[in-house]
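Please read the structure below before turning to the comments.
The values are calculated or read from the model by the stated rules, or taken from the named source; none is laboratory data. For clarity, every value in this text was computed on a predicted model and none was experimentally measured. When we count neighbours, we look across all protein chains shown, and the Cβ atoms used for this are built from the backbone with ideal geometry, even at glycine. Accessible surface areas use protein heavy atoms only, side chains included; no ligands, DNA or RNA. Shrake-Rupley method; radii C 1.70, N 1.55, O 1.52, S 1.80 Å.
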Amino acid sequence: MLTRRHVLASALAAPAILRMGTGTAHAATTLKISHQFPGGTIDKGDFRDRLCRMFAAEVAKRSGGELAAEVYPNSSLIKTNAQFSAMRKGALDLSLYPMPYAGGELPETNIGLMPGLVTTYDQGLRWKKEPVGKALSDFLADKGILLISWVWQAGGVASRSKPIVAPEDAKGLKVRGGSREMDMVLQTAGAAVLSVPSNELYAAMQTGACDAGITSSTSLISFRLEEVAKSLTSGAGASYWFMLEPLMMSKAIFDKLPKNQQDVIVAVGAELEAFGRKGAQDDDVEVAKVYEKAGAKVSVLDAATVGKWRDIARDTAWKDYSAKTATAANLLKLATDVAA
């Protein structure tokens, strides 16, 4: 039986292509949307895949068939880490992409997963309309990337052994943090770190190359990490791990489109942000149920514990990041001005 989250393994294994058009006589401009997450349908599965499919359907409808879209889940079109660069070059149209994955190419993007910086969905989603959002959008546009839908996700920790709740719990373990800055915090806490995208976490934990992985609630479910974990720390009530994981578009591709099609893309992207927030928050609740059913011990974070992680981050990751470039320093300052 298919659940909202888990779809048939055969569907996950094959590159799922969704072409949306209205069957009009003239040739549509076809946009390719790539992401690393499991594929499903417009109604079932990982909400990030669903958001891409909803975007495809709606832009086709509103453009009167002038736009069509193909959705490629599971990094079936382009490898995970290569998607950002491909968009910058105009070789990929859109991707729902974890922003800090681009940190090796543009260190400023690591603001999208700065431990302890964003602690609520309200705070993160306010960025779009605050000076930090304009500064980040302007920086990315200058590098060839447009933010189409702002999506934030809280995260938690799946562990093969004991729960990782407070920083001292990570000591001696190999942990995947999700960004350079999160890795710095983990190392300060005494952990070894492993840098892999979330779609490779299952194999890393299964083989013992990784003792624990920190990732979004949705990925904790979609990548079935409950099968290789004995403990979960949920980020539903409080979290020091919030990732900006937006639907992005190549500016080179966007700029070639006529104004009416650009307007459709921007409008649909903005309207889907409410769906993104609900999907993320629903999974923050769902993840505990999934892990409890699998027999894992579920722990929660409180404000005091989040504060311990944030204190380490301020002394290490925040300082390191702001020293990278003038743009990074400005982004961090503007982000801290957005009250929780």
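Which residue out of E58, E105 is under 24 Å from F275 (Cα atoms), out of contact with any Leu (no Cβ under 7 Å at 6 or more places or on another chain), outside any strand (DSSP E or B) and at pLDDT 95 or above? Full working, then the answer.
Numbers: E105 fails: under 24 Å from F275 (Cα atoms).
Being under 24 Å from F275 (Cα atoms), out of contact with any Leu (no Cβ under 7 Å at 6 or more places or on another chain), outside any strand (DSSP E or B) and at pLDDT 95 or above holds for just one of E58, E105, which is E58.
Would you check if L125 is outside any strand (DSSP E or B), touching a residue at least 24 places away in the same chain (Cβ under 8 Å), in contact with a strand residue (DSSP E or B) (Cβ under 7 Å, 6 or more places away or on another chain) and surrounded by fewer than 24 Cβ atoms within 10 Å (Cβ to Cβ)?
Yes.
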Which ones in segment 106-116 are open to solvent by 10 Å² or more (accessible area, probe 1.4 Å) and of a type in the set (A, V, I, L, M, F, W, C)? L106
From L136, L147, L173, residue being open to solvent by 10 Å² or more (accessible area, probe 1.4 Å), among the hydrophobic types (A, V, I, L, M, F, W, C), over 23 Å from V290 (Cβ atoms) and at pLDDT 95 or above: L147
Looking at segment 193-213, which of the residues that are buried (at least 20 other Cβ atoms within 10 Å of the Cβ) and either of a type in the set (D, E) or farther than 24 Å from G39 by Cβ (or both) is modelled with the lowest pLDDT? L194
Of residues in segment 244-299 being touching a helix residue (DSSP H, G or I) at 6+ places or on another chain (Cβ under 7 Å) and among the polar types (S, T, N, Q), the one surrounded by the most Cβ atoms within 10 Å (Cβ to Cβ): S250
Output the qualifying pairs, or none if there are none: Cβ atoms under 9 angstrom, residues six or more apart or on different chains, first residue in segment 175-191 and closer than 17 Å to L220 by Cβ, second residue among the aromatic types (F, W, Y) and in a helix (DSSP H, G or I). G178/Y101; S179/Y101
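Search segment 261-310 for residues being assigned to a helix (DSSP H, G or I) and in contact with an Asp or Glu (Cβ under 7 Å, 6 or more places away or on another chain), and hand back the single one that is nearest to G45 (Cα to Cα).
Let us first name the residues in segment 261-310 that are assigned to a helix (DSSP H, G or I), namely 261-271, 273-293, 303-310.
Filter again for in contact with an Asp or Glu (Cβ under 7 Å, 6 or more places away or on another chain), leaving 261, 268, 290-291.
Working: Q261: 28, V268: 20, V290: 14, Y291: 17 Å.
The selected residue is V290.
Residue under question is T188, and the condition is that it be in contact with a Ser or Thr (Cβ under 6 Å, 6 or more places away or on another chain), open to solvent by less than 20 Å² (accessible area, probe 1.4 Å) and either of a type in the set (A, V, I, L, M) or at pLDDT 95 or above (or both); does it hold? Show your work before the answer.
Working: in contact with a Ser or Thr (Cβ under 6 Å, 6 or more places away or on another chain): yes; open to solvent by less than 20 Å² (accessible area, probe 1.4 Å): no; either of a type in the set (A, V, I, L, M) or at pLDDT 95 or above (or both): yes.
The answer is no for T188.
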Of the residues that sit in segment 78-105 and are surrounded by 20 or more Cβ atoms within 10 Å (Cβ to Cβ), more than 16 Å from the chain's Cα centre (by Cα) and among the hydrophobic types (A, V, I, L, M, F, W, C), which one is nearest to F242 (Cα to Cα)? M87
